[in-house]
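Below you'll find the structure, written out as structure tokens, and then a few comments.
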Number of protein chains: 4
Amino acid sequence: MTRTRLEAFSDGVIAIIITIMVLELRAPEAGTWEALRPLAPKFIAYVMSFVYIAIYWNNHHHLMHTVDRVDGAILWANMHLLFWLSLVPFTTAWLGNIGPEETLPTMIYGISLLMPAIAYTILVRSIIAEQLAHSGGLHSKLRDVVGVDVKGYASLGIYLAGISVATVSVRLAWAFFATVAIIWLVPDRRVTRTLKS
Amino acid sequence: MTRTRLEAFSDGVIAIIITIMVLELRAPEAGTWEALRPLAPKFIAYVMSFVYIAIYWNNHHHLMHTVDRVDGAILWANMHLLFWLSLVPFTTAWLGNIGPEETLPTMIYGISLLMPAIAYTILVRSIIAEQLAHSGGLHSKLRDVVGVDVKGYASLGIYLAGISVATVSVRLAWAFFATVAIIWLVPDRRVTRTLKS
Amino acid sequence: MTRTRLEAFSDGVIAIIITIMVLELRAPEAGTWEALRPLAPKFIAYVMSFVYIAIYWNNHHHLMHTVDRVDGAILWANMHLLFWLSLVPFTTAWLGNIGPEETLPTMIYGISLLMPAIAYTILVRSIIAEQLAHSGGLHSKLRDVVGVDVKGYASLGIYLAGISVATVSVRLAWAFFATVAIIWLVPDRRVTRTLKS
Amino acid sequence: MTRTRLEAFSDGVIAIIITIMVLELRAPEAGTWEALRPLAPKFIAYVMSFVYIAIYWNNHHHLMHTVDRVDGAILWANMHLLFWLSLVPFTTAWLGNIGPEETLPTMIYGISLLMPAIAYTILVRSIIAEQLAHSGGLHSKLRDVVGVDVKGYASLGIYLAGISVATVSVRLAWAFFATVAIIWLVPDRRVTRTLKS
């Protein structure tokens with residue numbers, strides 16, 4: 001019951017986040033290719049952020065499948081994740097305004113990807129802690145599924161590397177950020193597999 | 001369970017898409033008919049896109065009734081559909097700015113209708129593939145319902161025809177686009193019928 | 001199942017409609033009463049429309065309780081209702097821009113209240129028709145509850161009277177519109193009572 | 001059933017409220033720290049309001065767990081709460097425009113926190129009243145949980161103190177407002193405990 005409402009609220013917030021980003025694509029006043037062309041960097045930024053948010057929704061969806069009870073820590077860890085995700089439309093809009101070649105917007109965009117990743121890790125920890133507490137430290141469905149969360153920690157590392165390297169080469173930073181997206185575009189087979197069996 | 005949340009998220013996104021389009025109708029500063037009149041093309045564009053999005057919601061609703069399980073391919077095929085639908089407010093706003101008589105906004109609007117149609121077809125394929133895989137290739141509830149998807153492929157063809165013809169006659173393009181709406185305004189009786197029996 | 005999703009989608013759309021109206025209250029650049037005062041008509045318009053939309057949600061909520069199955073006619077009647085409700089933020093914003101003393105924005109606002117009322121009546125008819133069809137013409141839960149829908153038809157009449165009278169006296173028009181709100185602020189005891197028994 | 005839909009609608013509205021606030025963070029046209037810096041007060045205001053709205057959602061969530069039936073009074077008490085919450089994006093935006101040092105925006109922000117607190121208290125009363133009425137005055141699950149609502153009434157008092165003191169010292173006002181947030185950031189253990197046992 002409780003989990004259902006947490007999912008419903010998260011769905012609502014994520015649905016709004018993913019959709020309001022399109023409001024940055026302001027329709028031009030002229031009906032020509034020339035008028036459309038300046039929107040290209042905004043469009044690319046939108047597509048990219050849509051994919052990142054979609055990845056978060058998919059993984060959140062898988063994650064919640066392992067949750068039986070929701071306590072205060074999980075509620076707030078989830079809110080914390082939603083908070084950082086809610087900043088992505090801002091960093092996306094900034095990137096769309098400036099283009100992907102300047103250092104600061106690239107770094108800030110990277111940070112707006114890193115922070116939800118950290119929040120996601122905290123959410124995973126909170127769920128495992130609740131499951132262990134509830135079973136007297138014996139069992140956590142999610143811990144069994146996740147094991148040592150290589151993919152999660154790797155993402156944090158790659159984001160950090162990308163943010164750091166942005167001062168030297170913006171292109172390299174984007175390559176790092178893209179790597180994380182590719183890692184996660186593959187749905188988390190570990191969760192799927194364990195839940196199926 | 002999983003299907004429920006996919007529906008809930010899609011409902012959220014589609015509800016936002018269909019509603020934010022009305023934000024393009026900016027209230028005039030004067031309280032006269034003269035001040036209201038320039039909004040006419042924006043209003044017509046809004047009505048039209050509302051109907052198209054409503055058709056997608058209705059069909060998505062019918063489609064999801066045939067789904068028992070959701071795998072990664074279905075999740076992403078659904079996200080892909082939502083992505084293209086999320087661009088309709090932009091192409092609608094552009095059309096509302098320019099009016100329906102210029103070629104490029106008409107073509108782009110047509111493309112913003114064609115792309116979700118393609119995405120919908122991919123979603124149908126993904127669901128059928130999952131159902132066949134799950135039953136060892138024996139059975140797919142959705143395939144039985146849809147059969148050879150004449151209506152879906154006809155829509156793709158008519159949209160393509162409309163987009164192509166827009167360079168010659170914008171009116172003819174609109175006639176093509178309207179034809180698809182009319183085809184789909186009739187709810188998909190095949191799905192309804194099969195599910196009832 | 002079907003009803004649940006219709007409710008969820010309607011909830012989403014109505015939640016967005018009721019909330020985006022607040023975006024018209026643009027925060028002033030100065031921190032003084034003088035800067036705040038021009039927002040007064042916008043604020044009053046917002047409160048008023050919030051109440052009307054809330055009434056619709058409440059009644060929609062009661063109405064849906066009597067629905068067991070959803071057919072195409074009900075789906076589209078519901079979409080039709082949502083369409084007219086989605087225009088209320090626009091007519092509210094216009095009213096907020098102009099103030100309640102000019103004829104045309106008052107009439108258009110009245111029409112934006114009348115149209116959902118008509119759409120609601122059509123939705124009621126669609127539900128009754130489905131229930132009669134399903135029971136071979138014998139029974140409709142909703143018809144038993146609603147009987148001769150005095151309140152519904154009275155609302156339509158009062159709205160029409162208000163819209164007509166606006167050309168003569170805007171104040172009288174507002175009195176008419178307010179009357180309908182008062183009628184409906186009392187929750188529909190007939191539905192509540194019948195469902196309880 | 002009814003409770004579920006009340007929760008779903010409230011979730012939708014609260015999700016939109018919490019998310020549209022981020023639209024006030026308009027992306028700068030330059031990619032520099034200098035361009036980003038003026039957004040600092042808006043960002044701080046956003047974080048603060050996000051936390052307050054999140055607290056309301058969490059408490060609403062706990063509160064609804066004690067509700068078995070929804071009557072008209074509860075429906076409207078809930079709408080009343082959502083109305084005041086819907087003004088928080090406006091008072092947040094004003095605060096973000098002006099900064100936290102001016103008296104009037106601080107007082108109005110305090111009022112926009114006080115009013116939902118009052119509305120929440122009314123909602124609690126409505127639920128208890130319904131539970132007592134339904135059990136013939138014998139029993140109310142929520143009253144057993146809440147007892148004398150020290151925390152609720154304390155919040156009202158502290159908000160009032162903060163609003164009053166703002167004319168003398170804005171800093172002291174913020175200290176008062178922050179105190180309420182801290183009180184409520186601790187989830188309502190009384191409800192959680194009672195529901196668990």
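Key figures
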read-out: Among C:128, C:16, C:55, residue whose mean-square fluctuation peaks in a GNM of chain C (springs only between Cα atoms under 10 Å); value: C:16
read-out: Inter-site label distance for residue C:69 and residue C:167 at 7 Å from Cα along Cβ, in nm; value: 4.7 nm
read-out: Expected 222 nm ellipticity per residue - DSSP helices of 4 or more, -39500 (n - 2.57), all of chain A, to 500; value: -25500 deg cm²/dmol
read-out: Loop GluC sites (Glu not before Pro), the range B:66-150 (other Cβ atoms within 10 Å of the site Cβ: 15 or fewer; DSSP); value: B:101
read-out: Three-way shape label, the protein assembly as shown, alpha-carbon gyration tensor, a/c 1.5; value: rounded
read-out: Other copies of residue B:122: label-to-label distances in nm, shortest first, labels 7 Å along the beta-carbon direction; value: 3.5, 3.5, 4.9
read-out: Efficiency of FRET from Cβ geometry, residue A:181 and residue D:26, R₀ 30 Å, rounded to 0.05; value: 0.70
read-out: Cα long-axis angle, helix A:103-134 against chain A (0 to 90 degrees, to the nearest 10); value: 10 degrees
read-out: Rounded if a/c under 1.5, otherwise prolate or oblate - the range C:26-81, Cα gyration tensor axes; value: prolate
read-out: On Cα atoms only, tilt of D:72-86 relative to the major axis of chain D in degrees; value: 10 degrees
read-out: Copy-to-copy label separations for residue B:161, where each label sits 7 Å from Cα toward Cβ, in nm and ascending; value: 5.3, 5.4, 7.6
read-out: Rg/Rg_ref, the range D:2-196, where Rg_ref = 2.2 N^0.38 Å and atoms are Cα; value: 1.12
read-out: Footprinting exposure proxy for D:21, D:107 (fewest neighbouring C-beta atoms within 10 Å first); value: D:107, D:21
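Every number here is computed from the coordinates shown, using simple stated rules; none is lab data. Source: prediction; values computed, not measured. We place every Cβ from the backbone using ideal geometry, glycine too, and count neighbours over all the protein chains shown.
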